[in-house]
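Peer 1: My structure is below; once you've seen it, I'll send some questions.
Bear in mind that the values in this text are calculations on the coordinates, not laboratory data. Please read all numbers here as calculations on a predicted model, not as lab measurements. Here the Cβ is made from the backbone with ideal geometry for all residues, glycine too, and neighbour counts use every protein chain on show.
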Amino acid sequence: MKQLPLTDEWFHGAVSLQHREEGIKPWRIPYMDYELYPPAGIDGKAEICAGVRLRLRTDSAEVAVSFTSLADAAVMDCVAEGELLQRIRLPVGATEALFTGLPAEIKDVEIWLPQNIGMTVTGLRIGTQAVGVPLPDTRPRWITYGSSITQCVGASGPSRAWPAIAAEACGFSLTNLGFSGNCHMEPMIGRLIRDLPAEFISICAGVNIYGAGTLSPRMFKPQLIGLLETIREKHRETPLLVISPIYGTVRETELNPLGFTLPMMRQAIRETVEMLRERGDRRLYYQDGLNWLGPEDEAFLTDGLHPGAEGYELLGRRFRDLYGQTK
């Protein structure tokens, strides 16, 4: 196999790319501003590769991606023309994913990096006689912000996380800002989304705030207003969809330490969006999370909160309808 030059053009879905001596590390924050996202880069979640992929046009029957030794087991997917061609399960310590048996004809390939860990890519190789060039992504850009339910560690593979499924169905170029346990509407996240190019933005907020007790009923609305108004500083007309929490079993009735339940959060989110729409923001939309995954779908939850692999497939298929209501 032959080595392709490792440049930024292969990478999509990352917020920034850090050039290290050994290779290129994708980040989902500006890595040079790491200290501004405490603790430790959004609790270590900003370096995880959820939604990040390598895109190339090639006639090679095999593609190899090398990387620094993995600290945890992971999965990588090879997708061509929207179809999953091969999935590789990588053990701890793995340093390469070799995809073989691909169609030996010109095709558009996406290699989806793991949604549960970060990695530094050290090389990209194809067949000796094959051609391979970076594949631009000219689709409208979509930023989605959320919790572990958006990061989707429990998906069967990175290309089957619900944002990946929804992006393919809706024709979007995805940037996934799902931070497991860490969707708390921090001010720097509002600034980050504000400064990124986007033709569509979605936010799924509430469940981490409930679980960690980071915002009281007194501060929840002001924090949400600040997040949305910060984004609107540079995205005045961008469609912006705010989704309240999906069904959360005991969280529907049990008060958290600050006196919140998920129904109370849904009401606060709906009222906030309605207020901002009445003030003239007609490109802001609300969707009740129970319309996305409700009590009738409880069997898809593996622990009373997180959808399993089948649940993420369901969310991905249903998201197209939620998006359609913003048009």
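Peer 1: For the chain, what number results from the quotient of the Cα radius of gyration and 2.2 N^0.38 Å?
Peer 2: Taking the Cα Rg and dividing by 2.2 N^0.38 Å, one obtains 0.99.
Peer 1: Principal axes first, then extents: for the Cα atoms of region 43-130, list largest minus smallest coordinate on each axis, whole Å, largest first.
Peer 2: Result, largest extent first: 42, 23, 18 Å.
Peer 1: With θ taken as phi - 60° and the coefficients 6.51, -1.76 and 1.60, list the Karplus ³J(HN,Hα) couplings across region 86-98 in order, rounded to whole Hz; mark glycine and proline as x.
Peer 2: 7, 10, 10, 8, 10, x, 3, x, 4, 10, 7, 10, 10
Peer 1: Among residues other than residue 237 whose Cβ falls under 13 Å from its Cβ, what is the net charge (Lys/Arg +1, Asp/Glu -1)?
Peer 2: +2
Peer 1: Let me ask something else about it. Sort 53-66, 75-88 by the packing proxy (mean of other Cβ within 10 Å over each peptide's residues), most packed first.
Peer 2: The packing order, highest mean first, is 53-66, 75-88.
Peer 1: Apply the membrane-span-like helix rule to the chain: whole DSSP H runs, Cα extent along the own long axis of at least 15 Å, mean Kyte-Doolittle hydropathy at least -1.0. List the helices found.
Peer 2: 217-232, 262-278, 309-324
Peer 1: Full-extension gain between residue 32 and residue 199, please, as 0.36 nm times their residue separation minus the C-alpha to C-alpha distance.
Peer 2: Full-extension gain reported as 57.6 nm.
Peer 1: Here's another thing I want to ask about it. What ³J(HN,Hα) values, in whole Hz, does the Karplus curve 6.51 cos²θ - 1.76 cosθ + 1.60 give for region 107-121 when θ = phi - 60°, with x put for Gly and Pro?
Peer 2: Residue by residue, region 107-121 yields 8, 9, 10, 10, 9, 8, 6, x, 9, 10, 9, x, 7, 10, 7 Hz.
Peer 1: Using modelled amide H (1.01 Å from N, peptide plane; none on Pro or chain starts), what sits under 5 Å from the amide H of residue 85, excluding residues fewer than 5 places away?
Peer 2: Here the answer is 78, 79, 80, since their amide H atoms fall under 5 Å of that of residue 85.
Peer 1: Now, a different point. Gaussian network model of the chain, Cα springs within a sub-10 Å range: biggest mean-square fluctuation belongs to which of 274, 229, 105?
Peer 2: Looking only at 274, 229, 105, the biggest GNM fluctuation is shown by 105.
Peer 1: Could you compute the net charge surrounding residue 117? Neighbours are other residues with a C-beta less than 12 Å from the C-beta of residue 117; K and R count +1, D and E count -1.
Peer 2: 0
Peer 1: A follow-up question, please. Please give, to one decimal in nm, the separation of the simple spin-label points placed at residue 267 and residue 237, each 7 Å out from Cα toward the Cβ.
Peer 2: Between residue 267 and residue 237, the simple spin-label model gives 3.7 nm.
Peer 1: Excluding residue 268 itself, calculate the net charge of residues whose Cβ lies under 14 Å from the Cβ of residue 268, where each Lys or Arg counts +1 and each Asp or Glu counts -1.
Peer 2: Net charge around residue 268: +1.
Peer 1: Right, something else. Taking H placed 1.01 Å from N in the peptide plane, check which residues at least 5 places from residue 108 or on another chain put their amide H under 5 Å from its amide H.
Peer 2: Residues meeting the amide H criterion: 81.
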